[in-house]
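Take a look at the structure below.
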Amino acid sequence: MRNFLLTTCVGAVAVFAMGAAHANDELIKMSQNPKDWVMPTGNYANQRYSQLKQITAQNVGKLQVAWTFSTGVLRGHEGGPLVIGNVMYVHGPFPNPVYALDLNNDAKILWKYDPKQDPNVIPVMCCDTVNRGLAYADGKIFLHQADTTLVALDAKDGKVVWQTKNGDPAKGETGTSAPMVIKDKVLIGISGGEFGVDCHVTAYDLKSGRRAWRAHSQGPDDHLLVDPEKTTALGKPVGKDSSLKTWQGDQWKTGGGCTWGWISYDPQLNLIYYGSGNPSTWNPSQRPGDNKWSMTIFARNPDTGVAKWVYQMTPHDEWDYDGVNEMILTDQQIGGQSRKLLTHFDRNGLGYTLDRDTGELLVAEKFDPKVNWTSGVDMNKSSPTYGRPKVVPEYSTEKQDVNHKGICPAALGSKDEQPAAYSPDTGLFYVPTNHVCMDYEPFRVSYTAGQPYVGATLSMYPPPGESHMGNFIAWDGKTGKIVWSVKEQFSVWSGALATAGGVVFYGTLEGYLKAVDAKTGKELYKFKTPSGIIGNVTTYEHGGKQYVAILSGVGGWAGIGLAAGLTDPTAGLGAVGGYAALRNYTSLGGQLTVFALP
């Protein structure tokens, strides 16, 4: 099905004509050129689909390495490069270097931005020193540094145009997410849910860096930027103090709900979409109530920040199932009607499809068959628990100082931030997933600014009776069904890419770039890069040739043991023990590898 939102299709003239009045004209026009990759998400719809089709299912097996580039940094390399005309912009983890590479001249370094940051920010970065990428608009490159500095660089020479501080690392606030430019604003989230941060999304003026608005995930209505009468949840007004009523006293002030994932945008509806993360602390018995609006999908007006609708996926989270993963926007037929859809693969193991205009819940199904903490979501609109997941008592972690065993998925979820892709050619989503379970023992913890505020000890392992920890799946978002699934030894922690050539690309923690058939999942190509892949696959065209690019550099939550040299099995919030075998397959690195046909 080919009617989809704001793809990179050169022929999307009608969409551009309608959307130009509502968004940054330059950026929309640039995003329609499949030769470039001008946003961290590929396009505003977060589809990660390219209309380039020089590389096909028939010839992808002939791919070769065209060139490589070292970032000069070890640790986890998330995100991917931007390509704008003849220049590629590459970023790295802390200390967050940025390179401009001349594609006309053997990737010669045109300029490098090397920020000087206090290394004391490293210990307050929860799950490695990652950075998820850059944004471009108005002749500027935007970087969200680890120390929360949002900096605008001149795309031509790398000089600082403006910079502003988005948070305070002394309180546990850090920067890991990619900025997103919407109209005349740069939007950015914040990390720090494991430090009791009062998290938010903030909009800054594109020209000056002045703050335009800030919307928090919990607290009073004016703090949240919700309208008690007009903001809806599952079709009903949220009402006055919708968040405050679900927290005890002032707990919301250290309530988390961080916003370190991806932002999507519908220019026609003039709405942005993103998710909020876990409530703080991880010990659920210390924070009674639904803890709204953590674990929530927000639809907001980018001009004012005011929410049109919200949907909380995991009320009173007991497992750290952050809701920050990407919102993929498509226009598809459901029940014989064309619907404006939003599809989201949550950490909690459920794949959701909603009407992105109204927030109506259409589909909520498990995208990993081993998910056991819930028996499913109540889809009965007349039920008082409509839209809520039904928690299986055996897998609740409400009891403090008890080791709750065999919970699936683990805290890192059936999928973390590594973005899925959507192909309008097949109508399918391609999803990198984790196939991991856990034991979870909550304990009492006290809040101190800038200190960990977790309150749980975890161990992670494959589902009982199985040895693999990941799957790469094709998903039908209209029906909530897995179409095909490919097993991987470790979690698939790489962002996917779908192309008009009928090929889907992803990377593995061992370091393989893989290409599979979009229709069947059959493996067509693989190449082992120097380090584990947690980056997002990107494609572009230069000099008449299509290229595929991927950052390799093991790390992130799954690879934190290797990245930070940790050995205690419970360290890294349980990931060190779960992924201990990874050290037998890869080691630290920091490289961009670019592929092309001979």
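The values are calculated or read from the model by the stated rules, or taken from the named source; none is laboratory data. In this text, all values refer to a predicted model and were calculated from it rather than measured experimentally. Cβ sites come from the backbone with ideal geometry, for glycine too, and all protein chains shown count toward neighbours. For the accessible areas, the whole protein counts, side chains as well, though only heavy atoms, and no ligand, DNA or RNA atoms are used. Shrake-Rupley method; radii C 1.70, N 1.55, O 1.52, S 1.80 Å.
Structure above, values below:
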quantity	calculated
Subset of region 53-85 [open to solvent by 10 Å² or more (accessible area, probe 1.4 Å) and farther than 17 Å from T529 by Cα]	K53, Q54, T56, A57, Q58, N59, I84, G85
Any pair with Cβ under 6 angstrom, 6 or more apart, that starts in region 224-251 at a residue that is part of a loop (DSSP other than H, G, I, E, B) and ends at one that is open to solvent by less than 50 Å² (accessible area, probe 1.4 Å) and among the polar types (S, T, N, Q)	V238/T231; S243/Q218
3 or more residues basic (K, R) and over 19 Å from N46 (Cβ atoms): qualifying strands (runs of 3 or more DSSP E) within region 443-498	none
Some residue of region 127-135 being touching a residue at least 60 places away in the same chain (Cβ under 8 Å), of a type in the set (V, I, T) and assigned to a loop (DSSP other than H, G, I, E, B)	yes
Lone qualifier among V516, V503 - being out of contact with any helix residue (DSSP H, G or I) (no Cβ under 6 Å at 6 or more places or on another chain) and buried (at least 24 other Cβ atoms within 10 Å of the Cβ)	V516
Index of the failed condition, M88 passing every other in (1) in contact with a Pro (Cβ under 6 Å, 6 or more places away or on another chain); (2) at pLDDT 95 or above; (3) in a loop (DSSP other than H, G, I, E, B)	(3)
Where I297 falls short, out of the listed (1) open to solvent by 30 Å² or more (accessible area, probe 1.4 Å); (2) closer than 30 Å to T330 by Cα; (3) of a type in the set (A, V, I, L, M, F, W, C)	(1)
Verdict on E365 being open to solvent by 10 Å² or more (accessible area, probe 1.4 Å), modelled with pLDDT of 95 or more, more than 15 Å from G351 (Cβ to Cβ) and not in a loop (DSSP other than H, G, I, E, B)	no
Of all residues in region 135-190 being basic (K, R) and within 19 Å of K116 (Cα to Cα), the one that is least open to solvent (accessible area, probe 1.4 Å)	K165
Filtered residues of region 150-201 (kept if assigned to a helix (DSSP H, G or I) and in contact with a Phe, Trp or Tyr (Cβ under 6 Å, 6 or more places away or on another chain))	F195
Residues that are part of a helix (DSSP H, G or I) and over 23 Å from the mean Cα position of the chain (by Cα), drawn from region 24-38	D25, E26, K29
Where V548 falls short, out of the listed (1) buried (at least 24 other Cβ atoms within 10 Å of the Cβ); (2) not in a strand (DSSP E or B)	(2)
The lone exception for K370 - which of (1) in contact (Cβ under 8 Å) with a residue 24 or more places away in the chain; (2) not in a loop (DSSP other than H, G, I, E, B) it fails	(2)
Residue that is least open to solvent (accessible area, probe 1.4 Å), among those in region 429-460 that are within 22 Å of G578 (Cβ to Cβ) and aromatic (F, W, Y)	Y440
Single residue of region 368-398 satisfying the filter (in contact with a helix residue (DSSP H, G or I) (Cβ under 7 Å, 6 or more places away or on another chain) and open to solvent by 20 Å² or more (accessible area, probe 1.4 Å)) that is farthest from S485 (Cα to Cα)	E398
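Residue-by-condition table, conditions (1) within 15 Å of N46 (Cβ to Cβ); (2) open to solvent by less than 10 Å² (accessible area, probe 1.4 Å); (3) in a strand (DSSP E or B); (4) of a type in the set (V, I, T):
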{"residue": "Y273", "(1), (2), (3), (4)": "yes, yes, yes, no"}
{"residue": "G289", "(1), (2), (3), (4)": "no, no, no, no"}
{"residue": "N325", "(1), (2), (3), (4)": "yes, yes, no, no"}
{"residue": "L341", "(1), (2), (3), (4)": "yes, yes, yes, no"}
{"residue": "H344", "(1), (2), (3), (4)": "yes, yes, yes, no"}
